[in-house]
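So the structure is just underneath, and the comments pick up after that.
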2 protein chains.
Amino acid sequence: MDEPARPRRRLPSAERQIVLIEGAAAAFAEDGFGVTTRELARRMGVTQALLYKHFPSKDALIDAVLERRFLAERSGPDPRLLDGPGALDGRIAAFYIDFVNRATRQNLRLFLRASLDGVNLPVRYRSRLDQRYLMPILGALRREAGLPNLEALAVSPAERELAVMLHGALVFTLIRRDVYRVAFPVSHPDIVALQARVYAAGALAEMRRQHAAGD
Amino acid sequence: MDEPARPRRRLPSAERQIVLIEGAAAAFAEDGFGVTTRELARRMGVTQALLYKHFPSKDALIDAVLERRFLAERSGPDPRLLDGPGALDGRIAAFYIDFVNRATRQNLRLFLRASLDGVNLPVRYRSRLDQRYLMPILGALRREAGLPNLEALAVSPAERELAVMLHGALVFTLIRRDVYRVAFPVSHPDIVALQARVYAAGALAEMRRQHAAGD
DNA sequence: TCACTAAGTTGTCATTTGATTACTTATCGT
DNA sequence: ACGATAAGTAATCAAATGACAACTTAGTGA
């Protein structure tokens, strides 16, 4: 009645590594990088020694997890979602709902854990965040406000902060969901829509104000 | 030339416990709850065994740290800051700058670490957050929008989310500062002021919209 | 002053944990 | 069919770690 003693599959090294990395990612995300190698192996149904056949140390495994989840190239949302014909807030919501969907519970928790432990992912992430999210948003605001586009006039630090504000508000809802585990009486799409409305109205005014005041 | 071998002070139990809790808080905030009891003792300049004279286990010490930092009663900002005569955005900034000043690096990191590890501080925090920050903000918005006050008309979930939005945006700047450790080209008071401007304009419109639409 | 109390230390134990070595066997090309 | 290759395991080591018992001594009150 114990285990069916499944005839454990043997995988090519490259495939096994991916299985180990994904299994470790799940465990680290949930319980932290302090999870023991034995516990990792147990959850993945392999022996502890196998980990050391594929990774020289536990730290190397952690690095592999972070590499795969955060540094491997992946695509972003379509910036053209911001170009459409409708109202600005609707376009912002359509654009940013993509971000909320991509940010999985595991990734958010891993990102925070790694950051707390001094692995500086955010600095390596910055250019991608700028390119994929912040600049498209600022471009849309500029257009809507009838201001020069991004190529014509460089983005100031205060302007970038303006874009980060929406981003931060959305990240915080993800933290509430995946870290704080609070109940949500309002659905996520509704929250994104609400924030997009507030932001579209307020940010447009601020964008005009900044440019009128010469930053 | 080594240590002056200071004649180590002997403290009454109650005082020593506070010293230990504060020392542990600093260590846990920086390096996580995985810090060993030996390392804790070393940093505080006492022996490892002393910890067990004052706390039955390492977990009990962790609990004491969280209790002292997050569950002990403390005051909030003055809600009257939101009543003043000036523009709404200036009043919101004055009110919320207090929050940014209270949230120390250690507390933010401890809070996140504990939350990631399943200690549900946010649920215990919720009522205090509502009372001290969210409801005062909503009250000010209601007044500014010429809507019924909070006693006259209950706060809907969507309305609460509206208040959480500003809160989240500000918490995210704290995370950038204390967890991500990014450089800030814009000063924190300036960021709070910027977010207050964006929010005051956008949230007021949203507040009116919600009430016109009957939520 | 002196003995009593409790604050603090030394030394140690049983486990846990990262890592490694020597062994077993599934899988595949010929 | 079969042997070479490499995927996987069992067993073990040394160091680290939470916890504790036995011992020392600073501080206080009579």
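A few notes on this one:
- Restriction of the GluC sites (Glu not before Pro) in segment A:105-214 to DSSP coil positions whose beta-carbon has at most 10 other beta-carbons within 10 angstrom yields A:151.
- Number of partner chain Cβ atoms within 10 Å, mean per residue of A:171-184: 5
- Per-copy distances of the residue B:10 label point, shortest first, in nm (7 angstrom along Cα→Cβ): 6.8
- Counting from the shortest, the label point at residue B:101, 7 Å from Cα toward Cβ, is 4.4 nm from the same position in each remaining copy.
- Sequence-ordered 3J(HN,Hα) estimates for segment B:16-29 from the Karplus curve with 6.51, -1.76 and 1.60 and θ = phi - 60° stand at 4, 4, 5, 4, 5, 5, 5, x, 5, 4, 4, 5, 5, 4 Hz, glycine and proline given as x.
- Where N is the number of residues in segment A:62-215, Cα Rg divided by 2.2 N^0.38 Å: 1.09
- Three-way shape label, segment A:112-193, alpha-carbon gyration tensor, a/c 1.5: oblate
- Mean separation of Cα pairs under 8 Å and 6 or more residues apart, divided by the residue count, gives chain B a relative contact order of 20 percent.
- Considering the rotation that superimposes chain A on chain B, the residue of A whose beta-carbon lies nearest the axis, and that distance in Å, is A:202, 1.
- Scalar couplings 3J(HN,Hα) for segment A:121-134, obtained by applying the Karplus form with A = 6.51, B = -1.76, C = 1.60 to θ = phi - 60°, are 5, x, 5, 6, 7, 3, 5, 5, 4, 4, 4, 8, 10, 5 Hz; x denotes Gly and Pro.
- Cα gyration tensor, the protein assembly as shown - rounded (a/c under 1.5), prolate or oblate: oblate
- Anchor residue A:58: aspartates and glutamates whose Cα lies under 13 Å away (excluding residues fewer than 8 positions away in-chain): A:39
- Based on C-alpha pairs under 8 angstrom that are at least 6 apart in sequence, segment A:12-99 has a relative contact order of 22 percent.
- Remark: relative contact order (segment A:79-154) = 27 percent; criterion is Cα-Cα distance under 8 angstrom and separation of 6 or more residues.
- Label spacing, shortest first and in nm, from residue B:68 to its equivalents in the remaining copies (7 angstrom along Cα→Cβ): 4.1
- The aspartates and glutamates within cross-link reach of residue B:53, meaning a Cα-to-Cα straight distance under 14 Å and a gap of 8 or more places when in the same chain, are B:15.
Values quoted throughout were computed directly from the atomic coordinates according to the rules given, and no laboratory measurement underlies them. Keep in mind the model is a prediction, meaning the values are calculated, not measured. A quick note on method: Cβ atoms are made from the backbone with ideal geometry, for glycine too, and the neighbour counts reach across all protein chains shown.
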